[in-house]
């Protein structure tokens with residue numbers, strides 16, 4: 001059962017409106033396209049999650065604050081015996097890890113999505129250890 005559906009971020013909505021009304025600078029266009037592409041990827045993920053036939057709860061776009069740190073979880077799947085965190089990326093191209101760093105070919109270093117997932121996992125463990133579910 002889906003407890004919280006996904007909606008467009010306020011930032012994406014603003015860029016959509018601005019894009020209709022003006023010519024965005026090249027850097028802003030790229031950022032807008034990345035926001036749009038990320039949301040599209042999350043929606044594609046949602047169509048897969050909606051097909052699940054199990055005893056579970058799904059919370060999308062979960063915004064939490066733990067120890068004065070605010071973080072967002074793309075999708076949280078709560079099952080009777082486990083909690084699964086999903087950090088959805090909609091990247092194009094060839095990517096690889098080298099010396100514990102994440103790269104896009106040919107050799108552009110990128111923010112490692114696994115670091116974000118690990119950070120969220122630690123934070124959610126802290127929250128669940130303090131709360132009875």
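The values are calculated or read from the model by the stated rules, or taken from the named source; none is laboratory data. Keep in mind it's a predicted model, so treat the numbers as computed, not measured. Counting neighbours? That spans all protein chains shown, and the Cβs are built from the backbone with ideal geometry, glycine included.
Just one of the numbered conditions (1) surrounded by 13 or more Cβ atoms within 10 Å (Cβ to Cβ); (2) without any contact (Cβ under 8 Å) to a residue 24 or more places away in the chain; (3) more than 21 Å from residue 92 (Cβ to Cβ) is not true of residue 2: (2). Exactly one residue among 86, 91, 10, 32 is under 24 Å from residue 120 (Cα atoms) and surrounded by 15 or more Cβ atoms within 10 Å (Cβ to Cβ), and that residue is 86. If you check residue 47 against the conditions, is it surrounded by fewer than 14 Cβ atoms within 10 Å (Cβ to Cβ), without any contact (Cβ under 8 Å) to a residue 40 or more places away in the chain and within 14 Å of the chain's Cα centre (by Cα)? Judged against the criteria, residue 47 is not a match.
Being part of a strand (DSSP E or B), in contact with a strand residue (DSSP E or B) (Cβ under 9 Å, 6 or more places away or on another chain) and more than 20 Å from residue 31 (Cβ to Cβ) is a description that applies to residue 62. Within the stretch 55-84, residues that are on the phi > 0 side of the Ramachandran plot and modelled with pLDDT of 90 or more reach partners that are surrounded by 10 or more Cβ atoms within 10 Å (Cβ to Cβ) and assigned to a loop (DSSP other than H, G, I, E, B) with beta carbons closer than 7 Å, at six or more positions or on different chains, in the pairs 61/6; 61/7.
Of 52, 76, all but one fail to be surrounded by 10 or more Cβ atoms within 10 Å (Cβ to Cβ) and in contact with a strand residue (DSSP E or B) (Cβ under 6 Å, 6 or more places away or on another chain); the exception is 76.
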